[in-house]
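Novice: Got a structure here, written out as C-alpha cells. Questions coming.
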Amino acid sequence: MDGTTRRGGAQTALAMTIGEPAGVGAEIAAMAWRQAEGGNIPPFYLLADSAFVRSRLELAGLDVPVIDATAETCLARFGAGLPVVDVGHALADAPGRPSSADAHGVVASIELAVADVAAGRAGGVVTLPIQKATLYDAGFRHPGHTEFLGELAARHWPGRPATPVMMLAGPELRTVPVTVHIPVSEVPRRLTADLLVETGRIVAADLRTRFGIATPRLAVAGLNPHAGENGSMGREDLDVIVPAIARLVAEGIAATGPWPADTLFHPRARTGYDAVLAMYHDQALIPVKTIAFDETVNVTLGLPFVRTSPDHGTALDIAGTGTARPDSLIAALRMAAGMTADIVAGDHMR
Ligand SMILES: NC(=O)C1=CN([C@@H]2O[C@H](COP(=O)(O)OP(=O)(O)OC[C@H]3O[C@@H](n4cnc5c(N)ncnc54)[C@H](O)[C@@H]3O)[C@@H](O)[C@H]2O)C=CC1
Ligand SMILES: NCC(=O)COP(=O)(O)O
C-alpha cells in the first residue's frame, strides 16, 4: 500500500500540518518519511517553513533531505526527500519553547491543508499536535483542531453537514468523548440528551462508512460512579443518558448502557462493543492511551473530509532530541489513507 489517493482522476498525497514548531512534529514527520522507503507509508507533504524544518532536523540529528515542493509537485518528489510546502510564515526553531509569534504560521498550515483537500490537491489532512494554550494567547478561539476543522468544513463545503466528533481509535479500543475540551465542573451542564444522540448518530454512521462495521455496537458510559447507582450517586445517568440511549435505539442504533465506566474497558468488556461513548475527555482518553499510546489515532468524525492525528501532544520535554516515536503519526497516516477513496498502488520512493 502506498496510500496515494485518487480524487477526480488525479493522484494526490496527504496534507500534513506542522503543529507547534517547538514540539516534536517536524522530527516525527521526518522519521515517518524515512520509513516510507518500504512503500507502506502513504505519501504526504508538510505545510511548514522549510528553513525551520531543515534547522530542526539538523539539531535533532535526523539525516533526512528536505525538498521545497507544492501540493502538485510533492508526489513526483516524495522519493527524493520530505516535501515541504511553504505556509508563508517563518517559524522559529526553539525546541521546548513555544511562542505565540508562530501562531499565524501554525493556523495557516491547518487552513491551507483543508483548502488543499477542498480543491482536490490533497486526499486528506493529518495534523501534528498544537500547543493549545500558546494559540489561545495569540487569539485562537477554538478549543482545538476538532472544533476549528468544523468551521473550516463549513467554509469550504457550504451546505454540507459538518459536526466534528473526536474519536480515539486504537487497535483494541475506540472511544469518543461526548464533551471534549471543557472543565470537568461544566460537564453535567453541557451533557444533554440531544448532544448524546447527535454524537451517537455520527459515530454509528462513520463506523459504517469509514471503518466498515455494518452494525456498529455503541457502549455508552455512565457519568457518575456505578452509573449513578439508581440515582443515589448523581441523576445524570437516569435523567440524561438513559433517555438518549432509548432515542438511539429507536433509530435502529445498537446502543447500550449506561455502563459503569470503571468496568467498561477491561479486555472481556471490550469484546462487547465497537466504540464507547464516554461522557468527558479523560474518561475517553485515559483508557486508549494507557492500552496503546504509540498506536492510537485521533480521528475526527462527522466532517466532509478525512482528518487524523497522532494521539499524543507536542512533547515539549523531548523536542529537539530526535527521540520521539513516530508510531502514532504513522498509524494516523495509514488510517487517513485507508479512509480516503480509491487508494492506488504505486512507488514514490524510487
Ligand atoms: N492533537 C493535538 O493537537 C494535541 C495537542 N496536545 C497538546 O500538547 C501539549 C502537551 O500535552 P501533554 O499533556 O504534555 O501531552 P504530550 O503527549 O505532549 O506528552 C505527554 C508525555 O508523553 C511523551 N510523548 C508524547 N509524544 C511522544 C512521542 N511521539 N514519543 C515519545 N514520547 C512522547 C512526552 O515526552 C511526555 O512525557 C498541550 O498543549 C496539549 O494541548 C495534546 C494532545 C493532542
Ligand atoms: N487530548 C486530545 C486533544 O487535545 C486533541 O484535540 P484536537 O486538537 O485534535 O481537537
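Novice: If we count every other residue with Cβ under 12 angstrom of Ala221's Cβ, Lys/Arg +1 and Asp/Glu -1, where does the sum land?
Specialist: Neighbour charge sum, excluding Ala221 itself: -4.
Novice: Related question: I need the peptides 16-23, 63-70 ranked by packing, meaning the mean over residues of other C-beta atoms within 10 angstrom, with the highest value on top.
Specialist: 16-23, 63-70
Novice: With angles folded into 0 to 90 degrees, how steeply does helix 327-339 sit against the dominant principal axis of the chain? Use alpha carbons for both and round to 10.
Specialist: Roughly 80 degrees between the two axes.
Novice: Count the net charge of all other residues whose Cβ sits under 14 Å from the Cβ of Phe148, scoring Lys and Arg as +1 and Asp and Glu as -1.
Specialist: Residues close to Phe148 contribute a combined charge of +1.
Novice: While we're here: In degrees, nearest 10, range 0 to 90: what is the angle between the Cα axis of helix 25-35 and the longest Cα principal axis of the chain?
Specialist: 80 degrees
Novice: Right, something else. Shape of segment 56-165 from its Cα gyration tensor (a ≥ b ≥ c, root eigenvalues): rounded if a/c is under 1.5, otherwise prolate when a/b > b/c, or oblate?
Specialist: Because a/c hits 1.5 or more and a/b fails to exceed b/c, segment 56-165 counts as oblate.
Novice: How far apart, in nm, are the 7 Å Cα→Cβ label points at Glu111 and Ala80?
Specialist: It is 3.0 nm.
Novice: Once you have a ≥ b ≥ c as the square roots of the Cα gyration tensor eigenvalues for segment 175-234, tell me rounded if a/c is under 1.5, and otherwise prolate or oblate according to whether a/b is larger than b/c.
Specialist: Judged from the Cα gyration tensor, segment 175-234 comes out prolate (a/c at least 1.5, a/b above b/c).
Novice: Here is a further query. Mean-square fluctuation check for the chain, GNM, Cα pairs under 10 Å: which of Gly228, Gly170, Gly302 is largest?
Specialist: Sorting by GNM fluctuation, first place goes to Gly228.
Novice: Name the residue, out of Gly212, Gly150, Gly105, whose mean-square fluctuation peaks in a Gaussian network model built on the chain with Cα pairs under 10 Å.
Specialist: Comparing Gly212, Gly150, Gly105 in the GNM, the peak value goes to Gly212.
Novice: Hey, what angle do you get for helix 193-209 against the long axis of the chain, alpha-carbon based, 0 to 90 degrees rounded to 10?
Specialist: For helix 193-209, the angle is close to 50 degrees.
Novice: In the chain, with Lys and Arg counted as +1 and Asp and Glu as -1 at Cβ, which of these residues, Val85, Phe293, Pro188, has the Cα nearest the positive end of the dipole, that is, farthest along it?
Specialist: Positive-most Cα among the choices belongs to Pro188.
Novice: Out of the GluC sites (Glu not before Pro) in segment 215-305, which ones are loop residues according to DSSP with at most 15 other C-beta atoms within 10 Å?
Specialist: Hits after loop and neighbour filter: Glu229, Glu251.
Novice: Please report the net charge: other residues with Cβ closer than 14 Å to the Cβ of Ala51, K and R +1, D and E -1.
Specialist: Net of charged neighbours comes to -4.
Novice: Further question on the same structure: How large is the convex hull of the C-alpha atoms of the chain per residue, in Å³?
Specialist: 132 Å³
Novice: Among Thr263, Thr296, Thr127, determine the one that fluctuates most according to a GNM of the chain built with springs between C-alpha atoms less than 10 Å apart.
Specialist: Thr263
Novice: May I pose another question? Taking 25 °C and 0.890 mPa s as the conditions, I'd like the Stokes-Einstein D for segment 124-212 in µm²/s, using the Kirkwood hydrodynamic radius from alpha carbon pairs.
Specialist: Once the numbers are plugged in, D ends up at 164 µm²/s.
Novice: If each residue's Cβ is checked for other Cβ atoms within 10 Å, how do Arg201, Arg307 rank with the fewest at the top?
Specialist: Fewest to most other Cβ atoms nearby, the residues stand as Arg201, Arg307.
Novice: Kindly identify segment 198-350 as rounded, prolate or oblate by the Cα gyration tensor criterion: order the square roots of the eigenvalues as a ≥ b ≥ c, call it rounded if a/c is under 1.5, otherwise compare a/b with b/c, prolate if a/b is larger, else oblate.
Specialist: Oblate, because a/c is 1.5 or more while a/b does not exceed b/c.
Read-outs throughout are calculated quantities, based only on the coordinates presented, and are distinct from any laboratory measurement. Keep in mind the model is a prediction, meaning the values are calculated, not measured. Here the Cβ is made from the backbone with ideal geometry for all residues, glycine too, and neighbour counts use every protein chain on show.
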